[in-house]
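FYI, it's all coordinate maths here, none of it is from the lab. It should be emphasised that the depicted structure is a prediction, and the values quoted were computed from it without experimental measurement. Cβ placement follows ideal geometry from the backbone for every residue including glycine, while neighbour counts extend to all protein chains displayed.
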Amino acid sequence: MKSYIVLIRHGTTEGIVNHWYYGWADLHVVKEGYDTLDIYKKEGAYPEIPADARFYVTTLVRTKETLHHLFGDVPYEEIEEMKEINFGDWECKTFDELKELPGAEEWINDGTGTFCFPGGESMMGYMDRIKRGNEILVGKHRMTELAHRHDGGDAVSVMVCHGGAISATMMNWFPGLRENFWLWTPKSGLGYQVFFEDGKPVSFKELTCESAKGKTWKEYQ
């Protein structure tokens, strides 16, 4: 039996196009985001997903839209703890706008993760929340594994969430493998296929295809 969780970042939104800092703002996937998802799917970026796979999203609409576009009208569960960081009053602003706000210097120079966005959360609090989300996701995936303990079928879970949430998750599951948070961040619509043994992540493959190669990280944000 193969056991794996597929982590997919939602498709491109207006916030990504405009280079906004945003997390809890409930933005929709835009047309170019759907077009890119279609290309990735056609070129085989996503692994085989069996009919009995279990699907998970966050409470934000862009994850549900991405799931529906890629996999159709499938049942899903929400894991709220896997939402993106909450920028609070600073949501939907560019860096140039943010750097002029009171408290921006403290945020830029924060090396501890304790700076809390006004009305939002700190990076430290966010990382703790994602850890809880990871525990929930793996717990649910273990139930999928148990459902196949006799038939030998593959246990597959699909989690459509957010770039930061995926980065934090991969840091939790593969600590020290990459130098920092940003090196784990997938392009919109892509992510990782993470393989499990005995309930623990042991290896992964990056979701990619020909159209995703040769582009800079920023061209897909």
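Structure data summary
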quantity	calculated
Filtered residues of segment 30-55 (kept if buried (at least 19 other Cβ atoms within 10 Å of the Cβ) and part of a loop (DSSP other than H, G, I, E, B))	ALA45, TYR46
Scan of segment 63-101 for residues that are in a helix (DSSP H, G or I), under 22 Å from MET123 (Cα atoms) and in contact with a His (Cβ under 8 Å, 6 or more places away or on another chain), ordered by number	THR63, MET82, PHE95
Matching residues, segment 1-29, being among the aliphatic types (A, V, I, L, M), surrounded by 17 or more Cβ atoms within 10 Å (Cβ to Cβ) and farther than 17 Å from GLU80 by Cα	ILE5, VAL6, ILE16, VAL29
Selection status of GLU100, of a type in the set (Asp, Glu), surrounded by fewer than 19 Cβ atoms within 10 Å (Cβ to Cβ) and touching a helix residue (DSSP H, G or I) at 6+ places or on another chain (Cβ under 7 Å)	no
Subset of segment 67-97 (residues that are within 17 Å of the chain's Cα centre (by Cα) and of a type in the set (A, V, I, L, M, F, W, C))	LEU67, LEU70, PHE71, ILE79, MET82, ILE85, PHE87
Helices (runs of 4 or more DSSP H) fully within segment 104-183 counting 2 or more residues that are of a type in the set (Lys, Arg), under 30 Å from PHE71 (Cα atoms) and in contact (Cβ under 8 Å) with a residue 40 or more places away in the chain	123-147
